[in-house]
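Read-outs: derived from the displayed coordinates by stated rules, not from any lab. Computed from a predicted structure; not experimentally measured. Please note: Cβ atoms are built from the backbone with ideal geometry, for glycine as well, and neighbour counts cover all protein chains shown.
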Amino acid sequence: MAGVSLSRFLSAEQQAGRVDAQLRLLLESVARATVAIGAQVARGALAGVLGEAGSQNVQGEAQKKLDVIANDIFLQTSEWSGAVAAMASEEMETVHPVASACPHGDYLLLFDPLDGSSNIDVNVSVGTIFSVLKYAGNGQPQEADFLQPGRAQRAAGYAIYGPSTMLVLTVGHGVQGFTLARETGEFVLTHPDITVPPTTREFAINASNERFWEAPVQHYVRDLRAGKTGPRGEDFNMRWVASMVADVHRILSRGGVFLYPMDEKCRARGGKLRLLYEANPMSLLIEQAGGAASTGREPILDIQPQRLHQRIPVVLGSRDEVHTIVRYHEEAN
Ligand code: AHG
Ligand code: MN
Ligand code: MN
């Protein structure tokens with residue numbers, strides 16, 4: 001199907017019974033939101049969107065102007081889709097119910113509107129991450145309705161605003177990558193059936209936190225850095241963009257492992273990355289592409305969430321290497 005538009009792809013998925021009409025509408029509106037966010041990101045200083053918003057989100061993090069703008073765009077675009085019952089995001093403390101004037105749908109939409117905020121002002125790739133759950137109840141959805149394990153996701157994906165804008169998504173049948181054709185405003189399927197190579201010699205971790213990591217992660221990274229003469233007998237390369245979207249995109253493109261492990265600085269909060277709108281959607285994409293995703297101790301997609309903004313340690317990427325990291329954790333016990 002390479003070369004077809006996102007709309008045509010979703011239409012074929014609907015015909016094949018893999019998405020229903022509402023999910024198709026929802027994904028079309030998510031795509032529209034990412035085009036609008038991407039346009040703001042691309043205009044940068046010209047649009048006056050760089051810098052601090054002067055506010056904090058629920059996590060106590062300083063919000064950038066683009067965090068707030070991207071959140072508003074996502075809300076506005078999705079609210080009227082007719083496919084959403086409620087939304088939740090990194091930038092909103094509580095669940096956002098769809099206004100009573102809007103048509104209500106069967107899905108719950110979670111998102112990280114702007115991932116990689118520290119890279120906005122330095123013109124490095126940022127992105128948007130989203131996760132779609134089914135709403136089983138009726139009436140106004142509550143926080144508890146969002147607390148579904150990652151395996152229950154009906155769709156997940158991200159947009160990356162890089163040299164080109166891409167939308168990478170799964171509806172539970174493999175992973176598809178679309179590139180935005182700016183002339184037409186349409187996403188075109190350029191990377192069908194993305195797979196992650198099972199082995200790798202590339203890893204991604206913020207090494208400045210080394211002294212705060214747990215022993216098995218310190219041990220693992222030490223062995224990688226020892227290279228050819230160390231226990232792994234091979235040289236490993238390292239990359240760290242500090243935008244999860246960009247790091248995961250590289251792994252989906254050529255393999256690798258990404259770690260944001262537990263460390264002493266983030267232990268009280270449970271980890272650094274958020275389970276529902278960062279770890280879960282990325283883990284589903286990676287598993288759907290043949291990779292693996294774990295906390296180091298258990299598969300991320302099996303975790304029963306306890307809170308909307310819950311955080312979690314993340315290890316994901318090439319399958320064999322993730323399994324190796326899990327082994328380091330087992331052996332430390
Ligand atoms: P966000 O910008 O949505 O808060 O997410 C930032 C995350 C993630 O994208 C990235 O991998 C990580 O934070 C970078 O953390 P460090 O700055 O600690 O390296
Ligand atoms: Mn993020
Ligand atoms: Mn964010």
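Ranked by the mean number of other Cβ atoms within 10 Å of their residues, highest first, the peptides 108-119, 39-50, 194-205, 301-312 come out as 108-119, 194-205, 301-312, 39-50.
With both residues required to sit in the chain, DSSP beta bridges show an antiparallel share near 85%.
Taking Rh as the Kirkwood radius computed over C-alpha pairs, what is the Stokes-Einstein D of region 202-332 at 25 °C in a medium of viscosity 0.890 mPa s, expressed in µm² per second?
Details: Rh = 14.7 Å.
D = 167 µm²/s.
Applying a 10 Å radius around every beta-carbon, put 170-179, 29-38 in order of their mean neighbour count, most first. Walk me through the intermediate numbers first.
Values: 170-179: 19.3, 29-38: 22.7.
Output ranking for 170-179, 29-38: 29-38, 170-179.
Relative to the longest principal axis of the Cα atoms of the chain, helix 215-225 runs at roughly 80 degrees.
The share of Cα pairs per 10 Å bin across region 200-266, counted from zero up to the longest distance, runs 21, 49, 29, 1 percent.
Relative to the longest principal axis of the Cα atoms of the chain, the long axis of helix 244-254 lies at roughly 70 degrees.
Using per-residue counts of other Cβ atoms within 10 Å, averaged over each peptide, order 75-86, 265-276 from highest down. Mind dumping the intermediate values first?
Details: 75-86: 20.7, 265-276: 18.0.
Sorting 75-86, 265-276 by mean packing, highest first, produces 75-86, 265-276.
Reported value for the chain: 133 Å³ per residue, from the convex hull of its C-alpha atoms.
Considering only region 202-332, what is the antiparallel percent among its DSSP beta bridges, to the nearest 5?
Working: 11 of 15 bridges.
Beta bridges within region 202-332, antiparallel portion: roughly 75 percent.
Here, region 265-333 has an Rg and a Dmax of 11.8, 32 Å when only alpha carbons are counted.
Could you work out the per residue convex hull volume over the alpha carbons of region 1-92, in cubic angstrom? Walk me through the numbers before you get to the answer.
Values: hull volume 10.7 nm³, N = 92.
So the per-residue hull volume is 117 Å³.
Cα gyration tensor of region 6-191, axes a ≥ b ≥ c as square roots of the eigenvalues: rounded (a/c below 1.5), prolate (a/b > b/c) or oblate? Oblate is the answer for region 6-191, as a/c is 1.5 or above yet b/c matches or exceeds a/b. Rounding to the nearest 10 and keeping the result within 0 to 90°, find how far the Cα-based axis of helix 319-332 lies from the longest principal axis of the chain. Value to nearest ten degrees: 60.
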